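Comments concern the structure below.
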There are 4 protein chains.
Amino acid sequence: MTSDENKRIIETSFHVRYAETDAMAVVHHANYLIYFEEGRSQYMRDIGSDYAHIEASGFQLPVTETGIRYVGSLRYGQLATVRTWLEENRSRRVTFAYEVMNNESDKVLVSGFTRHVWTDTKGRVTRMPEQWKKLFESNFPA
Amino acid sequence: MTSDENKRIIETSFHVRYAETDAMAVVHHANYLIYFEEGRSQYMRDIGSDYAHIEASGFQLPVTETGIRYVGSLRYGQLATVRTWLEENRSRRVTFAYEVMNNESDKVLVSGFTRHVWTDTKGRVTRMPEQWKKLFESNFPA
Amino acid sequence: MTSDENKRIIETSFHVRYAETDAMAVVHHANYLIYFEEGRSQYMRDIGSDYAHIEASGFQLPVTETGIRYVGSLRYGQLATVRTWLEENRSRRVTFAYEVMNNESDKVLVSGFTRHVWTDTKGRVTRMPEQWKKLFESNFPA
Amino acid sequence: MTSDENKRIIETSFHVRYAETDAMAVVHHANYLIYFEEGRSQYMRDIGSDYAHIEASGFQLPVTETGIRYVGSLRYGQLATVRTWLEENRSRRVTFAYEVMNNESDKVLVSGFTRHVWTDTKGRVTRMPEQWKKLFESNFPA
């Protein structure tokens, strides 16, 4: 999974929280899904499709699949950076990809993706609402 | 805070999860609120007032206050035991108290309380529903 | 990913915690990695290779890769069951596979895997210690 | 608990994460201890006593007591602000106080404190190291 240079990439940074570390003194592997979520939230805020607004308008984007590769780790006190981009944008599903780095080098420590379907609030799969279709497409050139 | 011998005390046990530890190699202090919640859930299941049923019938018991004292710690691999009892039972609020131990001694490692109000699903404070009033009172002799 | 009938499968069950749910009222997708970890911990306890002992003897099994598929969800109050088995057992790496169900049907709601490498406490990749090699092999017939 | 105007107050802000919400659609009550921790971390970074450095030099500040009052709640999409100050600064213990607000009003939603002891890495209570004694005192006028 590599970032396509035509795609918009959003970076967001935050400090590793002590609560996110585990007895190995590094960020527990499950927390990278939360870091990805934070990257995705920032991506959507930045392109003008705040996920809170999506839910408020009666739609949801539940996760249907994830994959993560871990080649390095993060420690308390480090500044984590998440790079997020749209990997796939279809009428009923969307895939985001992520890379996580720290502030001390540009080495990718953890990478992965999350795949989502568009549903209504009852969980029924639906087409992507027009409102966000345009926003997403403008950030995902065909 | 000591347990009153007239009160019903419920014990529940579970293994410390690796994800619950932090870089000090012990359970992160915030997780004891989750252990308390697990103790409270088991208490309610045991007296026949499963919190899932309370919510399904249109009521909630949000937390309004907590206090915790930490004198010891738990590590991955240990079996945590939570002792839970009703400390206070009023028409609009309820207080649970907790003690957490491990399986290697009977020393209390962490103790605390959570105070709750009865609300409807819109968060408006309400009287305790009759249905649970009886159950709670039978476990909290005046 | 399907379970091989020759392999030992370990089941462990626990109640969904309220803290594990999110605003969609179902278990947040990141928590399944913690459920997998609980399944893996129980697997290792059951075959006699408690992960706490592995760490105490100077070895670690950090996660290098995970993949998860979500086809259903779990709610507060349900009893989650995790089925865990060894999918791959090599000299330097090991892969566990998982299926998560609830207590109301035998439908698999979430499935996935975690891949691990054997390292020493400094994070250097090492061969699987003889002590656990025998235990793991006895549960993973060639 | 009110903020003393002579004391230095540090504010830090971050978006509520979806994973931090629960089935009531608000931030789960345990996560405020993590918000407090983030406030405390920022406080220490700002006064020049990064907690990562404290641990690296052989000291720890484990939590011995906490108390929290909840009068309001936070939702996904809101910007949380944590105000942190030193409430007490003794040779062997330190108390931080906190207030949490959102970006939509200046109403305090959640407030609380965490009390800590200075220990060495083996958990033995010790005096506050000179190095941080000066930094802490300069932010806590007698």
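No value in this document is a laboratory result; all are computed from the given coordinates. In this text, all values refer to a predicted model and were calculated from it rather than measured experimentally. Positions of Cβ are backbone-derived with ideal geometry, glycine not excepted, and every protein chain shown enters the neighbour counts.
For this structure, a couple of remarks:
- Mean separation of Cα pairs under 8 Å and 6 or more residues apart, divided by the residue count, gives chain D a relative contact order of 29 percent.
- For a straight C-alpha distance cut-off of 17 angstrom, the aspartates and glutamates reachable from A:LYS134 (same-chain residues fewer than eight places away being disregarded) are A:ASP46, A:ASP50, A:GLU87, A:GLU88.
- Charge sum, other residues only, whose C-beta stays under 13 Å from B:GLY72's C-beta, Lys/Arg counted +1 and Asp/Glu -1: 0
- In this assembly of identical copies, the label point of D:ARG124 (Cα plus 7 Å along Cα-to-Cβ) is separated from its counterparts by 3.1, 6.1, 6.8 nm, sorted shortest first.
- Taking the helices alone, the protein assembly as shown has a mean residue ellipticity at 222 nm of -7000 deg cm²/dmol, built from -39,500 (n - 2.57) per DSSP H run of at least 4 residues and averaged over all its residues.
- Per-copy distances of the D:SER138 label point, shortest first, in nm (7 angstrom along Cα→Cβ): 4.8, 6.2, 6.4
- Cα gyration tensor shape of region A:1-67, rounded if a/c is under 1.5, else prolate or oblate by comparing a/b with b/c: prolate
- Modelled this way, with points 7 Å down the Cα-to-C-beta line, the labels at B:LYS133 and B:GLU104 are 4.8 nm from one another.
- Spherically averaged projected area of region C:44-127 from its Cα convex hull (nm²): 6.5
- Counting charges near A:SER49 (Lys, Arg +1; Asp, Glu -1) among other residues having Cβ under 13 Å from its Cβ returns a value of 0.
- When the GluC sites (Glu not before Pro) in region D:68-129 are filtered for DSSP coil states and for at most 14 other beta-carbon atoms within 10 Å of their beta-carbon, the remaining sites are D:GLU104.
- What separates the Cα centres of region C:95-142 and region A:31-71 is a distance of 29 Å.
- D (Stokes-Einstein, µm²/s), Kirkwood Cα radius, chain A, 0.890 mPa s at 25 °C: 156
- Rounded if a/c under 1.5, otherwise prolate or oblate - the protein assembly as shown, Cα gyration tensor axes: rounded
- Estimated FRET transfer efficiency when R0 is 41 angstrom, pair B:SER57-D:THR121 (beta carbons, to 0.05): 0.20
- Average partner coverage of B:61-68, which counts Cβ from other chains inside 10 Å: 6
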